[in-house]
Amino acid sequence: MSNSNRSGVFWGVLLIVLGLGFLLHNFDLVSQGLFNLWPLLVIGAGIWMFGETLARRRGGGLVGASIVLGLGLFWLLENFEKVNDRMFLPILLISVGVGLMLRAFYDAAAR
């Protein structure tokens, strides 16, 4: 299976699991405590994206990976009432900035 096929399967499975989780939560079949942990899947996806980017030796994916990781962390903290909606944009901007810096460092080190 090629890398693009594996990537498509990964994202497909992730979206199906998230959708099933939200559906089960809407039918009150999943406890609120367990449901609060769904952002861990997004965080895992961000970590996986970092690994794939480094394995392929392409620094461009570091920006997307940091955004996905930042969103997952925001949603996890929001579920436990540690952040609110006003902090979304700053966290998103920080995530983009971290990704851009990592990409610049990675590109500089690759030369």
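Structure notes:
- Axial C-alpha extent at least 30 Å, average Kyte-Doolittle at least -0.5 - helices from the chain (DSSP): 3-26, 88-110
- From helices alone, the chain scores -26500 deg cm²/dmol at 222 nm; the rule is -39500 (n - 2.57) for each run of n ≥ 4 DSSP H residues, then divide by the residue total.
- Relative contact order (%) - the chain, alpha-carbon pairs under 8 angstrom, separation at least six: 24
- Between Val96 and Leu14, residue separation times 0.36 nm minus the direct Cα-Cα distance comes to 27.3 nm.
- Three-way shape call for the chain based on the alpha-carbon gyration tensor, with the a/c threshold at 1.5: oblate
- Computed extension gain for Leu23 through Phe80, at 0.36 nm per residue and net of the alpha carbon distance, reaches 18.5 nm.
- One chain, two ends: Arg58 and Leu89. Fully extended at 0.36 nm per residue, the span grows by 8.5 nm beyond their Cα-Cα distance.
- Here the dipole of the range 31-110 is about 280 debye; that uses its Cα centre as origin and unit charges on the Cβ of Lys and Arg (positive) and Asp and Glu (negative).
Here, each number is a calculation from the coordinates, and none is a lab measurement. Here the structure is a predicted model, which is why all the values come from computation and not from measurement. Heads up, the Cβs are rebuilt from the backbone with ideal geometry, glycines too, and the neighbour counts pull from every protein chain shown.
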